[in-house]
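Readers should treat all values here as calculations from the given coordinates under stated rules, not as data from a laboratory. The shown structure was predicted, so the numbers you read here are calculated from the model rather than taken from an experiment. Note that we place each Cβ from the backbone using ideal geometry, even for glycine, and neighbour counts take in every protein chain shown.
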Amino acid sequence: PMLFIAGENAHSREFSEEAYQLAGQPKELFIVPGAGHVDLYDRVNLIPFDKLTKFFRDNLKYDESITSR
């Protein structure tokens, strides 16, 4: 699974969109409203933590035995 995240105003947004178009399934593209490229590094209020959490929960297998060691 692949998740592409780009800022709406990012100069690099077109690269994320092109990579998304070329990628196989499963894939998701999430555009962060009002964000530029570097905003997603340090503007915590713009980082889509909910989207990241959902993506990882949906796509990574959870193994209870690891946490009980």
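Remark: segment 36-43, residue by residue, has Karplus-estimated 3J(HN,Hα) of x, 5, 6, 4, 7, 8, 9, 8 Hz, where x stands for each Gly or Pro and the curve is 6.51 cos²θ - 1.76 cosθ + 1.60 at θ = phi - 60°.
Residues Arg43, Arg13 in ascending order of nearby Cβ atoms (within 10 Å, fewest first): Arg43, Arg13. Ala10 sits among other residues whose Cβ lies under 11 Å from its own Cβ, and their net charge, with Lys and Arg +1 and Asp and Glu -1, is -3. Electrostatic bookkeeping for Glu28 treats Lys and Arg as +1 and Asp and Glu as -1; over the other residues with beta carbon under 11 Å from its beta carbon, the sum is +2. Remark on Leu29: its backbone amide H falls under 5 Å from those of Phe4, a criterion applied only to residues 5 or more positions apart or on other chains, H modelled at 1.01 Å from N. Taking amide H positions as modeled 1.01 Å from N, with prolines and chain starts lacking one, the residues under 5 Å from Gly7 and 5 or more places away or on another chain are Val32. From largest to smallest, the equivalent ellipsoid semi-axes obtained for the chain from the alpha-carbon gyration tensor read 26, 17, 8 Å. Relative to the Cα centre, the charge distribution of the chain, modelled as +1 at Lys and Arg Cβ and -1 at Asp and Glu Cβ, gives a dipole magnitude of about 240 debye.
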